[in-house]
Each structure stands twice: as structure tokens, then as C-alpha cells.
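Some notes on the structure that comes next.
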Amino acid sequence: MHRREFMTKTALAGAICFTPSFLTATQTKTTLAVYDINWTFDLTHHGAQECSLWIPLPSDIPEFQSVLQIGAASDSKKSFQTAHNNYGSATLYTHWEKSAATKTLNLTMRVALHDRQCDFKRKRVCPDEVESSQEFLAPTVHIPTDGTVAKTAQKIVGNEKDPLKKARKIYDWIIANSYRDESVHGCGVGSPNAMLSQLEKEGRMGGKCLDMSALCVALMRASSIPAREVMGIRIGPSRLSAAFGAKEDITKSQHCKMEFFIPTIGWIPCDPADITKLVLKEEIDPTSKRARELADKFFGFWENNWMAFNHARDFDLYPANAQGTLDSFGYVYGEVDGEYLDAFEPSRYRYTIISKKLPL
């Protein structure tokens, strides 16, 4: 058996050390959480077939997420990290030949997270960041900005010119007109047109996090506001509601949030989908005081129990996969002899993800 191992961004052995720049005056230990995440795969049951995995990895996000360590041990002959794709999305690629007697992988991560809270104060934003944000005005295959999306966006924002107020109108409209549908597979398919078609037929839209985030992104882009979904996974309990948290087994805890860009503020986090989940799980009215207060909070907020992977949609993996362009990259993507493995069915991969919060 050939076993390959690599480690990157390794933290000091023993106690975790944080530099003074990471713990600022407004980001104290009360809003800091550190997690160890262990992701294990065993594709041995696929027998004498070639197996390939592309696994999304976390990257640093200023003032929110710091990746302290990533390590992997595999019995494959080919396994490496790459960000060679249109979005620069960090990826672990692992490939097993048909002849491999066993096909296992153990991926470990250590990540530190702060609450991410926007204060909405004007600030000087780097011109390069303003320029790069314009990429997220463009439509993609799954994020249209014309047709029904454009007409709906115009109805929502009306004559409003202020981009922040337009964004808030769209965010509130998503919450008011959608509901969490538990029958939807995984995080949903993220089709704004499908959501709006259901709204026209039924008067409400059912879906999950990718569905609502994608619609919010499409409506914002159609309203000249750069926006993007952010794929990730819940990795621990929430201080705000059990609806927003996860236990140690996070194998099925994937969750998509979103963010939008205002030139005088920068990227602003938000999460309309979690408010619909709150309403369902706590069995409360969407117009209740609790729902309204958390809706206000989640416009400009990500809690420190969710780890972000990437904002990739409609892009090509590297190395190239047999099945072609990927819709989104919040789950592992795998192929056996060139045939796609359903990412929503961990049993096909025999993978589990375990997360443990570390004491500070």
C-alpha cells in the first residue's frame, strides 16, 4: 500500500497560538471558536474501478475565518491541493487506479472563526476590490439576470437608488415569500427561475439554502449589486438557535449563505435561508418578534459556527472531470470510472465528517 501524506498551514504543536493581529479589540475570545474537522472516505467497495474525488477546502476570509491547518493521508498514488479554477476555489484532488486494493482518504482541518458582523459604516474600500467585485454582476448558467428575474427585481426595488436599501428590500422579500421545504434534496439546486415559477403558480416558494441564496444573488445582480453565494458547512452549535447549529457528526450539515458588495462598505454577509429554517424548526410566525429580530441580525452577519468553502458556481474543476461543468461546489464531487457519484448520498462514498470544538 502506498500512503501519501501532506500538511499545510500547520499550527504550532501543543497549545494553539494566535497572533495579536488575529485577536483584535472587537474580536475577542467571546466571539472566537476553533474547530478540528475530520473527513474520512473509503471507496474500497467500488472494487476494480478508477475513483476520483474533488473535495472543497476552506480558505482564509479576513475578520471571519482563518485556516490553521490542513492535512491529508491517503493510500492513493495521486493526491494534491489545487486552486486552479475560475474562482480560485481551494480543492483537494485524489485519484485511485483500478488496481488499488484499498481506496481510503483521511482529511483533517483546523479552522478558527469569529462572528462576522457588518457595522454598515462607510469606509475606504480598495479600488482593486471594487473592480474585482464587478465579476459578480454577470449572469451564469444558473444565475440569470434577465427575463423573470429582472422583472421581479424591478418590482421589488421600485425607484430606490441606494444600493444598500435595494439589497435590504430584496432580502426581506425573499424571507416574506419563501419557506423551507424539507423534501428538497441536500441544499437544493439553486435555480432562481424555478423558484419564481413556483411563486407564480402557488403564491410562495419552497426550497433550501442554495435555492434562496441563488435567488437573492440573482435579484441583487439584476439590481446592479454584486452578489455571490458562499458554499460551506455548519461545524458546531449556535448561540442563537438550534436551527442554526450542528452536532459533532456534520456529514449532512452543508449550508449555503451569501454576501453582496457595496463600494463604500465592502462585502456584506447575510443569510435569508436561515430565517425560513428558524420559522420551521421553532414553529414560529415569520412576522413574530423573534423572527423579525433575527432577520435584522442576519442582514450583515455570519455566526462563528459555520465554515465557508467557496463562492464557485458554473465552473470547471481541475483536473478536468468526465462529467463536465459543475453547478456548485459545496459538496464533495466524485466519479467512479467516469460516472458521477451522487454528492447528496454519503453512503456512496462511505464518508463521514466529524467536527469538534476546541477549548480556548
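List the helices (runs of 4 or more DSSP H) inside region 263-360, counting only whole elements, that have at least 1 residues being modelled with pLDDT of 95 or more and not assigned by TED's automatic domain parsing to the domain that holds residue 98.
Output list reads 272-281, 289-298.
Of these, 326, 317, 294, which one is in contact (Cβ under 8 Å) with a residue 40 or more places away in the chain, of a type outside the set (D, E, K, R), surrounded by 15 or more Cβ atoms within 10 Å (Cβ to Cβ) and under 21 Å from residue 136 (Cα atoms)?
Working: 326 fails: in contact (Cβ under 8 Å) with a residue 40 or more places away in the chain; 294 fails: under 21 Å from residue 136 (Cα atoms).
Matching residue, one of 326, 317, 294: 317.
For the structure I just gave you, tell me whether residue 226 is at pLDDT 95 or above, over 16 Å from residue 142 (Cα atoms) and not β-branched (Val, Ile, Thr).
On the way: at pLDDT 95 or above: yes; over 16 Å from residue 142 (Cα atoms): no; not β-branched (Val, Ile, Thr): yes.
No: the conditions fail for residue 226.
State all residues of region 96-123 that are in a loop (DSSP other than H, G, I, E, B) and touching a helix residue (DSSP H, G or I) at 6+ places or on another chain (Cβ under 9 Å); if no residue qualifies, say none. Steps first, answer last, please.
If we filter region 96-123 for residues that are in a loop (DSSP other than H, G, I, E, B), which is where we start, we get 97-103, 115, 118-123.
The answer is 100, 101, 102, 103, 115, 120.
From the residues in region 105-153 that are without any contact (Cβ under 8 Å) to a residue 12 or more places away in the chain and surrounded by 11 or more Cβ atoms within 10 Å (Cβ to Cβ), which one is farthest from residue 193 (Cα to Cα)?
Restricting to residues being without any contact (Cβ under 8 Å) to a residue 12 or more places away in the chain and surrounded by 11 or more Cβ atoms within 10 Å (Cβ to Cβ), the top hit is 132.
Conditions first: (1) within 18 Å of residue 207 (Cβ to Cβ); (2) touching a Phe, Trp or Tyr at 6+ places or on another chain (Cβ under 9 Å). Residue 164 passes all but one, so which condition is the exception?
(1)
Restricting to region 254-291, give me the number of residues that are loosely packed, with under 15 Cβ neighbours inside 10 Å and within 22 Å of residue 220 (Cβ to Cβ).
Summing the residues that are loosely packed, with under 15 Cβ neighbours inside 10 Å and within 22 Å of residue 220 (Cβ to Cβ) in region 254-291 gives 2.
Mind counting the residues in region 86-116 that are within 17 Å of the chain's Cα centre (by Cα) and not basic (Lys, Arg)?
Here the count works out to 13.
Please state which of the following conditions residue 135 fails to meet, knowing it meets all the rest: (1) touching a Pro at 6+ places or on another chain (Cβ under 8 Å); (2) part of a loop (DSSP other than H, G, I, E, B).
(2)
Scan the strands (runs of 3 or more DSSP E) fully inside region 154-241 and keep the ones with 1 or more residues being of a type in the set (Phe, Trp, Tyr) and more than 28 Å from residue 38 (Cα to Cα). Steps first, answer last, please.
On the way: elements: 178-180, 205-207, 227-234.
Once the strands (runs of 3 or more DSSP E) in region 154-241 are filtered for at least 1 residues that are of a type in the set (Phe, Trp, Tyr) and more than 28 Å from residue 38 (Cα to Cα), what remains is 178-180.
Quick check on residue 142: is it at pLDDT below 95, within 30 Å of residue 283 (Cβ to Cβ) and either touching a helix residue (DSSP H, G or I) at 6+ places or on another chain (Cβ under 7 Å) or not acidic (Asp, Glu) (or both)?
Values: at pLDDT below 95: yes; within 30 Å of residue 283 (Cβ to Cβ): no; either touching a helix residue (DSSP H, G or I) at 6+ places or on another chain (Cβ under 7 Å) or not acidic (Asp, Glu) (or both): yes.
Here the answer is no, as residue 142 does not meet what is asked.
Looking at residue 267 and the list (1) touching a Pro at 6+ places or on another chain (Cβ under 8 Å); (2) touching a residue at least 60 places away in the same chain (Cβ under 8 Å); (3) of a type in the set (A, V, I, L, M, F, W, C), which single condition is not satisfied?
Among (1) touching a Pro at 6+ places or on another chain (Cβ under 8 Å); (2) touching a residue at least 60 places away in the same chain (Cβ under 8 Å); (3) of a type in the set (A, V, I, L, M, F, W, C), residue 267 violates only (1).
Taking region 154-173 as the search range and keeping residues that are aliphatic (A, V, I, L, M) and buried (at least 22 other Cβ atoms within 10 Å of the Cβ), which one is nearest to residue 209 (Cα to Cα)? I'd like the intermediate steps shown before the answer.
Let us first name the residues in region 154-173 that are aliphatic (A, V, I, L, M), namely 156-157, 164, 167, 170.
Then keep just the ones that are buried (at least 22 other Cβ atoms within 10 Å of the Cβ); that gives 157, 167, 170.
Details: 157: 22, 167: 18, 170: 16 Å.
So the residue we want is 170.
Among the strands (runs of 3 or more DSSP E) lying completely within region 1-95, list those that include at least 3 residues that are surrounded by 12 or more Cβ atoms within 10 Å (Cβ to Cβ) and at pLDDT 95 or above. Let's see the steps before the verdict.
On the way: elements: 4-8, 32-42, 51-56, 65-74, 78-82.
The qualifying strands (runs of 3 or more DSSP E) are 32-42, 51-56, 65-74, 78-82.
The values are calculated or read from the model by the stated rules, or taken from the named source; none is laboratory data. This is a predicted model, so every value here is computed, not measured. FYI the Cβ positions are ideal-geometry reconstructions off the backbone, even for glycines, and counts take in every protein chain you see.
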